[in-house]
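The block underneath contains the structure these notes are about, expressed in structure tokens.
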Amino acid sequence: MQRIRLNINGVDRFIVTDPKAMLSDVLRNQLLLTGCKVCCDTGQCGTCTVIVDDKPIKSCLTPVSKIGPLAKITTIEGLGSGDDLHPLQVAWMAHGSAQCGVCTPGFLMSAKVLLDKNPSPTRDEVRTWFHRNRNLCRCTGYKPLTDAVMDAAAVLRGEKKKEDLLVQPAENGSILGSTYHRPSARAKVTGTWDFGADVALHMPPDTLRLALVQAKVSHANIKGIDTSEAEKMPGVVKIVTWHDIKGKNAITGLITFPTNKGDGWDRPILCKDKIFQFGDAIAIVCADTEAHARAAADKVKVDLEVLPAYMSGFAALAPDAMEIHPGVPNAYYEQGVVKGEDTKPLMEKAAYTVELETYCSRQPHLHLEPDCGEAFLDDQGVLTILSKSIGLHLHHAMICPGLGIEPEKLRIIQNGTGGTFGYKFSPTMEAILGAACLATGRPVSLIYDQYQNITYTGKRSPANITAKWGADKDGKLIALEYDWWLDHGPYSEFGDLVTLRQAQFMGAGYDIHNIRAKGFTVATNHAWGSAFRGYGSPQAFLNGEIAMDMLAEKMGIDPLELRMRNIYRPGATTPTGQVPEVFCLEGLLDMIKPYWEEAKVRCKKLSTDKIKRGVGLSLGIYGCGLDGPDSSNAAVELTPTGVTVMNAWQDHGQGSELSTLTIANEMLLPLKLKIEQIDLVMNDTNLPNSGPSGGSRSNVFVGNAIKVSCEMLLNAMRKPDGSYRTYKEMVAENIPLRYDGKWVAAACTDCTPDTAQGSPFPIYMYEVFMPEVEVDVETGKTTCVKFVTSVDVGTLINKATVDGQIYGGIAQGIGLALTEDFDDLEKHTSLRACGIPYPLDIPDDFDILYQETPRPLGPFGAAGCGEAPLTAVHPAILNAIYNAVGVRIFKIPALPEAVKAAMDAKNAKESVHA
Ligand code: FES
């Protein structure tokens, strides 16, 4: 230990610390300057960037001993605060650049150094700077960040005014459709928005820090667990195993269909007899410090009988594969599709057919903030869990019986959440936190490192689809046949639902009257399948949108023209037989057509012998809702100072607080409130159940529930003459102040397991994707260099938010197509190794074309938004690769070696024929 002096934000601070300690640890853990975020701890993500003597420094890699006493350290807390924000912070707010916000302090510190050095950077210089400094953002697609830096630079040069960057409410008070900033933006740009790891530092002194004993193999029987040595390790208070859990010790997967051969109780909280996947939790060490807990976890001995691991659907479906859950077949759910006539005779007489097999990968979510949470028993003995949950009430139901407590004795609250993109639709550590807290009676906290975060959270379920598409001589699709399986990992939660999603989106967008298909959910020993943006649709569109290109080529017509001939028009039905709520695809294709025609010419012109350029097209659709008659609740209460809006619209960066504010404000315009008079109280199981934040459902469902609540309040406040009662008048007349609203998609019906026919969603989102790529013919490396998309998600509630969702979702689609994977447990263990795109991997030449077709059932005509941009970017990119170099890739990611191998095979074939 040493006493050292550090000059931080202009003030000398004296700290007693280990000189080998990293600056990030000293800033966060000792000085509680938690604006410095630590996400990867290996210098890959840049969230911990601070400025030391005018240089951006990765504080997670910099020992304090390397920093001299005269060095000047600037953290986000020193950039600007309160009403005196730096122009970069204001620009970040204005452009919606802080979505989840966990990357924000690091980007701002990095950008500050850039602008100090170069007051007039070009957009490319900004992007290159962030790329070289390894600043990662998983939410925004980077363009809004570059926009913000350019605006801040203009302010600093005196060309713009800081005050003008932020949009103000319109004269009537409305902010609907504007780029008004998020309520959380100020906290996020000042580093004061607390994420779970920050909350852990604010817990009381008797808080126990947890570490997991985890499986290092993927499939095994447990013969014994020996904690004796670990219990003697320093600081250990208790080691929790399955013995300590009073309930069923399982998380229920809430089986959707009775035909599911599993019972949904297949995921242990702590493993008792069996390991089902790598990373499975076997025991929890509770200790005084995290370091002590982790050291003791290494000393727990687990006696295992290792079993064959089935790491893919192919392996788990092999005839000799053992049942992963004894008594339940590995293919445990079967989904059929029966629409229209028998397809066999139709295929025989089809003028054109194409057959293809596609494989969509186990895409990792790559949210930057590692999973984390806390738990404590409140004064009434209620177990209170703080986590990144985006399904608070859902998770409450999923973990209560497993922990063995009554529902009223469990409360879950969402922490500030650094991105989930759906992985937190699954409970991850909630039950573990609860088990440790109940077993010890003390507050607890658990923070995964990035390795655990990647290897022990859910992933997109890979799917293999073999399909035959048939069209008549005019290019009209007449029949579709396909078989598929979906590798859902070992745990069945929502596995049947995501298998159904293939049926809902294979052929979506096109008027296909006749479909026959069969698919299975398959248990494997790879990562459990969890929700991921676009949930279930990227697997389907990968097959369908390549097929459309192949068919167009066979027919000798333009791919856009083939799509135009087949899209939904009045009289069409979806693959599930539902009548679409609007017909907007023709408009979207019309919008993009001039760009398409230009791009085809440009790609030819810009192609060289070394770099071939190509353009691709695809269409993507997604439904808003959880299938069938889904519903949401919200409430509003009149207060002495304004109104309080209450809901559990969990935010994972998508902007639920801004949508709540915008919708409530719009509804309450007659009251002439100021924005500041609308108080938001959100994200707690003690609040109205709004349902999970997934499936792009919330804007529609919670938005409508907010509308209903506000309407009820207005009705109660309205006087006979049309004016409104004040708070005092309401109290004086004894009129209730709180109104709980509910909205149900009453006209929706479930799809059946045998036919997949039904009307599952009240509203759909529609998008056309048009990327341009460059393929290096020597290496096969493909880069997406330009993107145009036409989008119809109904009315825009907040334009900056929707822009951010589109840019960010498409960036994830580019990653899905070209780089991202979680397959190799040895290799895919960091953000970078999993292929997360850095700034220069995503184009800045990026246009969004909006068509706003109001949705009859949407709040103010809005649909949802978040899933649409990650439905079908990847097939468009693969089609662009084909356009560039003439090779079809059917399996993603299209890594350079795969593209190169395909080009070599093509060249070899051509030279044989030559
Ligand atoms: Fe950048 Fe979420 S806003 S990671």
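Throughout, read-outs are computed from the coordinates displayed, never taken from laboratory work. Just so it is clear, the model here is predicted, and its values are computed rather than measured. Reconstructed Cβ throughout: ideal geometry from the backbone, glycine too, with neighbour counts over all protein chains shown.
The table below lists the values:
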{"item": "Net charge dipole size for the stretch 326-413 [Lys, Arg +1 and Asp, Glu -1 on Cβ; Debye, nearest 20]", "result": "140"}
{"item": "Gain in span if fully extended, Thr259 to Arg13, counting 0.36 nm per residue against the direct Cα distance", "result": "82.1 nm"}
{"item": "Dipole magnitude of the stretch 217-256, debye to nearest 20 (Cβ charges: Lys/Arg +1, Asp/Glu -1, about Cα centre)", "result": "160"}
{"item": "Full-stretch length increase - Glu171, Thr755 - with 0.36 nm per residue and alpha-carbon distance subtracted", "result": "205.0 nm"}
{"item": "Dipole of the chain [Lys/Arg +1, Asp/Glu -1 at C-beta], most positive-end residue of Pro762, Ala884, Thr726", "result": "Ala884"}
{"item": "Residues with amide H under 5 Å from that of Asp558, placed H, sequence gap 5 or more", "result": "none"}
{"item": "Sequence-distant aspartates and glutamates (8 or more away, or on other chains) whose Cα lies within less than 14 Å of Lys612", "result": "Glu772, Glu774, Asp776, Glu778"}
{"item": "Cα→Cβ-extended label distance, 7 Å offset, between Glu778 and Tyr727, nm", "result": "7.1"}
{"item": "Calculated from backbone phi, Karplus (6.51, -1.76, 1.60) coupling profile of the stretch 696-711 in Hz, x at Gly/Pro", "result": "6, 8, 5, 4, 7, 6, 6, x, 5, 5, 5, 4, 4, 4, 5, 4"}
{"item": "Cα centroid separation - the stretch 772-830 against the stretch 503-520, whole Å", "result": "25"}
{"item": "³J(HN,Hα), Karplus 6.51/-1.76/1.60, whole Hz, each residue of the stretch 104-111, x for Gly, Pro", "result": "4, x, x, 5, 5, 5, 5, 5"}
{"item": "Candidates per GluC sites (Glu not before Pro) in the stretch 666-737, loop by DSSP, up to 13 other Cβ within 10 Å", "result": "Glu733"}
{"item": "Cα centroid separation - the stretch 859-913 against the stretch 1-73, whole Å", "result": "43"}
{"item": "Cα-based Kirkwood hydrodynamic radius, the chain, one decimal, Å", "result": "28.4"}
{"item": "Under Karplus coefficients 6.51, -1.76 and 1.60, residue-wise ³J(HN,Hα) of the stretch 468-481 in Hz, glycine/proline x", "result": "10, 10, x, 9, 7, 5, 8, x, 9, 5, 10, 7, 9, 10"}
{"item": "Loop-resident sites, the stretch 646-732, for trypsin sites (Lys or Arg not before Pro), counting at most 10 other Cβ within 10 Å (DSSP)", "result": "Lys672, Lys674"}
{"item": "FRET efficiency estimate (nearest 0.05) - Cβ-Cβ, Glu826 to Glu348, R0 51 angstrom", "result": "0.60"}
{"item": "Nearest-0.05 FRET efficiency for Glu597 and Thr641, computed from C-beta distance (R0 60 Å)", "result": "0.60"}
{"item": "FRET E, pair Asp320, Glu341, Förster distance 51 Å, beta-carbon r, rounded to 0.05", "result": "0.85"}
{"item": "Inter-site label distance for Lys55 and Asn686 at 7 Å from Cα along Cβ, in nm", "result": "4.9"}
{"item": "Interchain or long-range residues, amide H under 5 Å from Asp266's placed H", "result": "Gly253, Ser492"}
{"item": "Full-stretch length increase - Thr289, Leu673 - with 0.36 nm per residue and alpha-carbon distance subtracted", "result": "133.4 nm"}
